[in-house]
Amino acid sequence: MTHSCTNTNISFILHLNLCFQDCVRIRFIAFISFLLFTFACATSYGQNLQVPISIQAALLQKVIKFDNTIGNRSDVKILIVYNNDSRNFMNELVSQFPATFKIMSKLPTEIEGVLDDYDLAYIMPGAQTAIASLKSKKILTITGLTKYVENGDVSIGFGLLNDKPKVFVNMTSLKAEDRILAADILRIAKVYK
């Protein structure tokens, strides 16, 4: 009888141990799944916006001083084109500019009819459908997505080069927008022909 109780106790302990291992395994899998999901959501934009919005805003305010049509004006009119997924980035960007700047934010579907009123347009992640309309109106295009600059879709972008914020300029796009940047800024920028 003692032998049977001992076998039962050992079986019960082994069963508990297996249940515990299964529970740990399930929790581990759930945790890894959560991390992967969080990473995937964060990188859907994070991989594109390499430079924080506050730094982009500061760079933008410096770079536009080298544009032939904007120069040192304090009444710069900026159109920020965003989509619903980039609304938070848009709000953060708007808060970074001086009160003298006229800032308007629009979805890509809302920009027709207002384009003549702006000096430049900042294109947020997910709003690339607006690029063609902006180009047709010769509006200076700026973005935090360097791939648009590399492709020639946008004239000026902000990204990282050797882990440092860098201005990217596409000369072909700039010319299509009838814009000229001073040589001083082109010397320090990553320039694409």
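What follows is calculated from the coordinates using simple rules that are stated; it is not laboratory data. Just so it is clear, the structure is predicted and the values come from calculations on it, not from any experiment.
Annotations for the structure displayed:
- A full extension of the chain between Lys102 and Ile180 corresponds to an added length of 25.9 nm, given 0.36 nm per residue minus the alpha carbon distance.
- Beta bridge orientation in the range 81-193: antiparallel %, DSSP, nearest 5: 35
- Potential extension, Lys164-Arg87 segment - 0.36 nm per residue separation minus Cα distance: 25.2 nm
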